[in-house]
Amino acid sequence: MSGHTSPAGRRSLVAAVVLAAALLTALAIHSLWAPSSGTAQSASDYAPEGAASLTGGTAHDVVILTVSAPVTGTTAVDVRLVPRHGAATSGSSPVVAVSAVLPTAGHAVPDFTAVRASDNRYHVAGLPLMMPGRWEFLVVVDGNGRHDRLVFPLTISR
Amino acid sequence: MNDTAARTTGHDTPPLTAHSPRRRLGAALAVLLSAMALLFAMSPLAEADSTAGGDVQVAQTLGDWELTVILRRVTGVPGPLHVDVITHTGTSVGRLKLTVVPTGVSTSASAASASGTDVDTAVVTLGSRPGSYPGVLDVTQGGPWELSLSAGKRTATIPFVVSKQTASPAETAVYVGFSGAGVLLLGTVLVGVRARRGWWTLVPAGGMVACLAVAVTGALLSSQLPLPPSQGGQVDATIDGVGDPYAYVGQRTSDYSRPPATLLLSSSTVRAGKVDDLRLTLSDASTGLPVDDVVAHDGALLHLLVIGPSGQLWHLHPVRTSAGEFEVALSLPEAGHYAVSAEFERRGGGVQQLRSATGIDAVSVSGAAARTTSGDAPTRAGTGSQTVAGVRVRLTASSTVAGKAAALTARVGDTATLQPWLGMLGHLIVVGPVSPAAAVGTATQGAPVWAHSHSMGAVSDGDHDTSGTDDTSGMKGMAGMGRMETYSSSASPSSSDMNSMSGLTSVNGDSTADETVAAYGPDISFVYTFPTIGYYRIWIQAERDSTILTIPYLLHVTGTSEKTR
Ligand SMILES: [Cu+2]
């Protein structure tokens, strides 16, 4: 019966299996409880490392907001407008203003008129984020017969 | 075969006879089957307590229509959104165009590609008969959406969230753990039967133990782990957040509340006898920005109360036209001052009641059919009977002493045919103290107390026999009633009276019956503690025969134990 393994060896094998089981349990629980964080997945082709990029839309445009440094401090913000099919693209380019609010704290930053960097791309150099929290980035697109206001919720975690 | 099977049980076991492996296989299979049964018994539980939003009920005063729009819960995406538009007596025939627009943002460009565009439209034709008029629209994804209702030149937008059934990490652990344990149990049996060396069974058996540990840990923790913040209710909803609320938890906080708001009226002067659009702007009291996070509360985004010079009460539900902007068509019949207040709730919690600092002055204009109404404002204080819109109403009060809970019970009609309006069987508006002789609009503009109380049914006050229900049926009415606790803390001539409550119940916090159910009353009770002595104007509102009845009273609240009848 006990010809293949000594009782001591078997005991250590049991210990190893139990240990492996415990490790597996710990790993499984850890992986289930710490899901991949949802920030900084770039939807934009030119987003810098660590940037947060969010896509939203209006009847006229797909609006892509890229926050270069989604942490407390000053960050550059880029807005890209991709006109929808059928939407009029003629006429002068619209005015794009960017602001941010931390609603729970009642903090707001001033409106920054974005500088048109290239066709359909608008840039704000320094938007101050005072503290971590669930911010709302407000993008207002004005002109060509439209006044669109978009809210991009974004958590600034540190 | 005999030798191999014997080893599976380890060295303590005596050798077994030839037919025992089959028996043991049978036993193992029985264990496996019971484990699978346990798994299937556990799995519905694993999904039941995820954030399953109920129906959303939003009252809308659109033009001269008072509509209740019910957005039924979306059970899967892509899938249908059932919208029921409930009309009241006197609703004119017309067409209502419904449109759904996703409004969410996402880190994924493809997930947000449809945001801001019309995804589906439907037309609901409202008939002259009061009732429920259904419409069905297709929603394509989870996340924040907007439903717009258009009639003529007026458009109302209702923000709502299409949530997904998501399992918490703990529930996933339970599910994965039990599934894995089931598979590994089968593996253990197979290895035990087949393997040459008995200790090989320890490998799948160990894995099974690990899986069971994961599952049990998950099951034990699932009830204790905090839920992620409600998307749209506590935090701004995004497509990603709705798709996986646990991944977007962010900082844990118990306080999601936002600053108070200020209420601005577009105009403080309107023309008496003419229909004028009143626009209301809600702005954040900290930043001054538009308040665009109003969530449905008590069956509406915004409840507007207007009190007229002769004691008329309007309880309207202005429609949202854009961020922080609401609009209602008002036709004020007579010249004079009208007091205005609004109730709403911002995302993150906290109901706010704001009173317009100005109110509205209606001025006479030539050609307008301005008239002076009368009879809406009782001049004599007290409870008693009156007839409103052909319905006999009798009000009784246990006592009306300042600082003591007053139980007010109104018998509206004689039959149990009341319909819940805004999710409640009765509404009580209390304004005072006021001078009973003064013009009501002017007096209520400056009144210190504006209160709004609700009734979910009848509660015995000891003086007044509310119903013939016995104790058991009364208790049945109480089952699952979180809201009723307000009664138990304030109305208490005796605790046995609590058993005679009956009324609208909400089991497990799920949606209550809507207005199409005319089976409640005729008694509706309110418990309100008048803070100070003086004369109070009160209005009781209840729905019967698809008509919203507004019943005015004038009550005298005394400072002693003496009763005012
Ligand atoms: Cu209301």
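Cut-off 13 Å, label point 7 angstrom out along Cα-to-Cβ of B:Ala122: give me the residues of the stretch B:76-93 whose amide nitrogen falls inside.
B:79-86
Subtracting the Cα-Cα distance from 0.36 nm times the residue separation, let me have the gained length for B:Thr262 to B:Ser364 in nm, one decimal.
Length difference between fully extended and current span is 33.8 nm.
List, in order, the whole-Hz ³J(HN,Hα) value for each residue of the stretch A:75-82 obtained from phi through the Karplus relation with A = 6.51, B = -1.76, C = 1.60 and θ = phi - 60°; use x for Gly and Pro.
Coupling constants for the stretch A:75-82: 10, 7, 10, 10, 10, 10, 9, 10 Hz.
Starting at the first residue of the stretch A:107-117, write each ³J(HN,Hα) from the Karplus equation 6.51 cos²θ - 1.76 cosθ + 1.60 with θ = phi - 60°, in whole Hz, x for Gly and Pro.
Once rounded to whole Hz, the list reads 9, 9, 9, x, 6, 10, 7, 6, 8, 6, 7.
How do the peptides B:339-346, B:300-307, B:220-227 rank, highest first, by the average count of neighbouring beta carbon atoms within 10 Å per residue?
In descending order of packing, they fall as B:300-307, B:339-346, B:220-227.
Enter the mean number of other protein chain beta carbons within 10 Å of the beta carbon of each residue in A:62-73, as an integer.
Numbers: counts 7, 4, 3, 1, 0, 0, 0, 0, 0, 0, 0, 0.
If you average over the peptide's residues, the count of other-chain Cβ atoms is 1.
Tell me, what ³J(HN,Hα) does each residue in the stretch B:514-530 have, in order and in whole Hz, if you take phi through Karplus 6.51 cos²θ - 1.76 cosθ + 1.60 with θ = phi - 60° and put x for Gly and Pro?
Using θ = phi - 60°, the values come out as 9, 5, 6, 9, 9, 9, 10, x, x, 8, 10, 10, 10, 10, 9, 9, 5 Hz.
Once fully extended, how much extra length lies between B:Val351 and B:Ala437, figured as 0.36 nm per residue of separation less the alpha-carbon to alpha-carbon distance?
Stretched fully, the B:Val351-B:Ala437 segment lengthens by 27.7 nm.
Please give the peptides B:284-297, A:56-69 ranked by average Cβ packing (other Cβ atoms within 10 Å per residue), highest first, as a rough proxy for protection.
A:56-69, B:284-297
Could you pull out every residue, at least 5 positions away or on a different chain, whose amide H is within less than 5 Å of the one on B:Tyr520? Hs are placed 1.01 Å off N in the peptide plane, and Pro or chain starts have none.
It is B:Thr417, B:Leu418, by chain and number.
Sort B:Tyr535, B:Tyr553, B:Tyr175 from largest to smallest accessible area, using a 1.4 Å probe on the heavy atoms of the protein chains.
Ranked list, largest accessible area first: B:Tyr175, B:Tyr535, B:Tyr553.
How many angstrom separate the Cα center of the stretch B:288-305 from the Cα center of the stretch B:190-269?
30 Å
Roughly how large is the A-B contact in terms of buried accessible area, totalled over both chains, probe 1.4 Å, nearest 100 Å²?
3700 Å²
Expected output is a single nm value to one decimal: the length gained when fully extending between B:Thr379 and B:Thr269, i.e. 0.36 nm times separation in residues minus the C-alpha distance. What is it? Don't jump to the answer; show the numbers that get you there.
Details: separation 110, 0.36 × 110 = 39.60 nm, distance 2.74 nm.
Full-extension gain reported as 36.9 nm.
Taking K and R as +1 and D and E as -1, what net charge do the other residues with C-beta under 13 Å from the C-beta of B:His82 add up to?
Once all neighbours under 13 Å are counted, the net charge is -3.
Take the Cβ-Cβ distance between A:Val71 and B:Thr253 as r, set R0 to 25 Å, and report the resulting FRET efficiency rounded to the nearest 0.05. Could you put the intermediate results ahead of the total?
Details: r = 18 Å, r/R0 = 0.74.
Calculated transfer efficiency: 0.85.
Using a 1.4 angstrom probe on the protein heavy atoms only, could you order B:Trp450, B:Trp200 from most to least accessible area?
B:Trp200, B:Trp450
Report, by chain and number, residues whose modeled amide H sits under 5 Å from the one on B:Val161, excluding near sequence neighbours (fewer than 5 apart, same chain).
B:Trp145
Could you order B:Lys164, B:Lys153 by accessible surface area, starting with the largest, using a probe radius of 1.4 Å?
My answer, sorted largest first, is B:Lys153, B:Lys164.
Please compute, for peptide A:93-105, the average count of beta-carbon atoms on other protein chains lying within 10 Å of each residue's beta-carbon.
For peptide A:93-105, the averaged partner shielding equals 3.
Hey, got the average number of other protein chain Cβ atoms within 10 angstrom for residues in B:287-296?
3
Using alpha-carbon positions, what is the distance between the centroids of the stretch B:270-287 and the stretch B:136-188, in Å?
37 Å
Give the long-range amide H neighbours of B:Leu81: residues separated by 5 or more places, or on another chain, with amide H under 5 Å away, using H modelled in the peptide plane at 1.01 Å from N.
B:Leu137, B:Asp138, B:Val139
Packing-wise, with mean Cβ within 10 Å as the measure, how do B:397-407, B:309-319 rank, highest first?
Top to bottom by mean Cβ count within 10 Å: B:309-319, B:397-407.
Let's test the formula: R0 of 25 Å, r as the Cβ-Cβ distance of B:Thr140 and B:Ala513. What FRET efficiency results, to the nearest 0.05?
Working: r = 30 Å, r/R0 = 1.22.
It comes out at approximately 0.25.
The values are calculated or read from the model by the stated rules, or taken from the named source; none is laboratory data. What you see is a predicted model; the values in this text were computed from it and never measured. Don't worry about glycine lacking a Cβ; one is built from the backbone with ideal geometry, like all the others, and counts go over all protein chains shown. When the accessible area is computed, the model is the full protein with side chains, heavy atoms only, and any ligands, DNA or RNA have been set aside. Shrake-Rupley method; radii C 1.70, N 1.55, O 1.52, S 1.80 Å.
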